[in-house]
Amino acid sequence: MSISWLLRTLPAMTGEMARFDLDRTPDEPHELFLRWFGEAVGAGVSEPHAMNLATVDDQGLPDVRVLLLREVDERGWHFAGDRRSAKGRQLAARPDAALGFYWREQGRQVRVRGKVFDLGLAASAADFLSRSPSARLAALSSVQSDVLPGESDLTLARHEAERLLAADPDFVPESHAVYAVVPISVEFWQGDPASRRHPRLRYRRAAESWVKELLWP
Ligand SMILES: Cc1cc2nc3c(=O)[nH]c(=O)nc-3n(C[C@H](O)[C@H](O)[C@H](O)COP(=O)(O)O)c2cc1C
């Protein structure tokens, strides 16, 4: 069985899709995101808070990985990670990013593009301390994205992190960062496999407000 044959046999956008009422959209994109997010949770979408984060490296080469959304507020879409990681270094050099959500069970996609801001030490500490002990231990025993010489180095780092946490349960590493993507555009896409019209609505930041535009599918 060839991969090209297999790819062509796989269905996409099956089942009951959600509807997008274009006449009933708020003025602020984060309000529509929160509405859609609530509907995703209600529809039983699997891991609706998992999103792709795209950044650009110093050669201009795009990079992408999955992260968990930590918060959405008037400041933007928040995520957390290690400042020393590939994404942390890329964002320090070039604080531009895009986020992509795909809620398969509803046929929905949301795309967020914007500038990225480090929310500072207090936000990092609050986020880190809200994590489970095992998540904190994992973060403390990793130099995320560095080359790992061997499995034994990870085991050693785990033991050191365990000792550190036993001595100071509220320890917060300086490397832990919380970032916000402050959007310049947010696009909402609704799959409609029957008509293939796929409604798209983009919010584009203007001087004082948001411009809402329909896009061709
Ligand atoms: C479902 C899922 C959730 C993840 N959540 C996070 C997260 O919130 N923060 C994080 O730093 N990495 C998270 N990761 C791991 C990242 O995808 C990635 O491997 C890591 O951040 C290193 O990426 P980088 O080398 O581009 O910096 C997650 C991975 C998956 C599959």
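Structure notes:
- Residue among Leu121, Leu165, Leu148 with the largest mean-square fluctuation in a Gaussian network model of the chain, springs linking Cα atoms under 10 Å: Leu148
- CD proxy at 222 nm, helix term only [per DSSP H run n ≥ 4: -39500 (n - 2.57); per residue of the chain; nearest 500]: -8500 deg cm²/dmol
- Extended-chain gain in nm, criterion 0.36 nm per residue less alpha-carbon gap, Trp216 and Arg94: 40.9 nm
- Electrostatic bookkeeping for Val56 treats Lys and Arg as +1 and Asp and Glu as -1; over the other residues with beta carbon under 11 Å from its beta carbon, the sum is -2.
- Computed from the C-beta positions of Asp170 and Ser209, the FRET efficiency with R₀ = 35 Å rounds to 0.25.
- Once the C-beta distance of Met17 and Leu137 is scaled by a Förster radius of 25 Å, the resulting FRET efficiency is 0.05 to the nearest 0.05.
- Using the Karplus relation 6.51 cos²θ - 1.76 cosθ + 1.60 with θ = phi - 60°, the per-residue 3J(HN,Hα) values for the stretch 61-76 come to 8, x, 9, 8, 7, 8, 9, 9, 5, 9, 5, 9, 8, 5, 7, x Hz, with x marking Gly and Pro.
- The alpha carbon centroids of the stretch 160-214 and the stretch 136-153 are separated by 26 Å.
- Inter-part distance where the stretch 11-67 and the stretch 77-129 are each reduced to a Cα centre, Å: 14 Å
- One chain, two ends: Thr155 and Asp57. Fully extended at 0.36 nm per residue, the span grows by 32.3 nm beyond their Cα-Cα distance.
- Across the chain, C-alpha contacts under 8 Å between residues 6 or more apart give a mean separation that, scaled by the residue count, equals a relative contact order of 22 percent.
- Within-10-Å neighbourhood charge of Val211 [Cβ basis; K, R +1; D, E -1]: +3
- Modelled spin labels at Leu10 and Asp146, positioned 7 Å past Cα toward Cβ, are 3.6 nm from each other.
Rule-based calculations on the coordinates, nothing more; no lab input. Here the structure is a predicted model, which is why all the values come from computation and not from measurement. Don't worry about glycine lacking a Cβ; one is built from the backbone with ideal geometry, like all the others, and counts go over all protein chains shown.
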